[in-house]
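The values are calculated or read from the model by the stated rules, or taken from the named source; none is laboratory data. Remember, predicted model here, so these are calculated numbers, not experimental data. So basically every Cβ, Gly included, is an ideal-geometry build from the backbone, and we count neighbours across all protein chains shown.
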Amino acid sequence: MKLKKTHLMPLTLTGIIILLDQVSKAIIAAFWPILSYRDDGRVVPRFIANVIGDDFLQIIHVRNRAIAFSLGDNLPDIIKPVLFIVLPLLVLGILLWYYLKSNDFTRFQRWVVAGILGGGIGNLIDRIFRTDGVVDFIDFKFYGIFGFDRWPTFNVADASVVVCCILLLVSIIITSISSSKKQKKKVHK
């Protein structure tokens, strides 16, 4: 299988996201104490950097031993490695294989898939090598939207996966609509 430059070039984004994610997490882990909670569930504010006034954006240090939104935190410890390491590793492996083998992606879609791979690998590194959980540190005020006073704390990898998944979905829809219109034009000629 000969790889094309159009297949390999976007993978630089994968590497950049992994690097930014791991460096930012290392800085937070080294310099920000972990935010802790009291028995009654209230936060003990040890070190919170209010980046933008009115508590809109804060840099805090929390650990997530589950997946997005702490889903699966209460699962038995025996199941967590399978669901949080083995399954994501398998999905990322299949995605990378399909990315390299397939010509189905547009140039833009290749870049966003590369962003998804970078974010997925960044969090997988934490799950494998940080026994106390994935480092999360970006905390936004969300003003009660969807019932959240604050959006769940996240990191560079999380942001990359979410933004790139949304972009990929929108791109697939647009490409599909465009392709459908071209097919209809051909049929009517």
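Things worth noting here:
- Selection count, segment 102-153, where residues are within 13 Å of L13 (Cα to Cα) and surrounded by 16 or more Cβ atoms within 10 Å (Cβ to Cβ): 14
- Tallying residues that are touching a residue at least 24 places away in the same chain (Cβ under 8 Å), among the charged types (D, E, K, R) and farther than 20 Å from K25 by Cα within segment 141-170 yields 1.
- Figure legend. Inter-residue proximity from segment 4-28: first residues farther than 15 Å from R110 by Cβ, second residues modelled with pLDDT of 95 or more and charged (D, E, K, R), beta-carbon distance below 7 Å, spacing 6+ or different chains. Indicated pairs: K25/D126.
- Residue in segment 153-166 that is in contact with a Leu (Cβ under 7 Å, 6 or more places away or on another chain), at pLDDT 95 or above and under 22 Å from F56 (Cβ atoms) present: yes
- In this entry, I34 passes the filter for residues that are of a type in the set (A, V, I, L, M, F, W, C), over 18 Å from G115 (Cβ atoms), part of a loop (DSSP other than H, G, I, E, B) and at pLDDT 75 or above.
- Among the residues of segment 59-103, the ones that are closer than 24 Å to W151 by Cα and more than 19 Å from the chain's Cα centre (by Cα) come to 2 in all.
- Scope segment 171-189; condition of a type in the set (G, A, S) and either in contact (Cβ under 8 Å) with a residue 40 or more places away in the chain or in contact with a strand residue (DSSP E or B) (Cβ under 6 Å, 6 or more places away or on another chain) (or both); matching residues: S171
- Of residues in segment 92-101 being of a type in the set (A, V, I, L, M) and surrounded by 13 or more Cβ atoms within 10 Å (Cβ to Cβ), the one modelled with the lowest pLDDT: L100
- Flag if S70 is at pLDDT below 90 and hydroxyl-bearing (S, T, Y): yes
- Of the helices (runs of 4 or more DSSP H) lying entirely inside segment 81-189, those containing at least 3 residues that are polar (S, T, N, Q) span 156-188.
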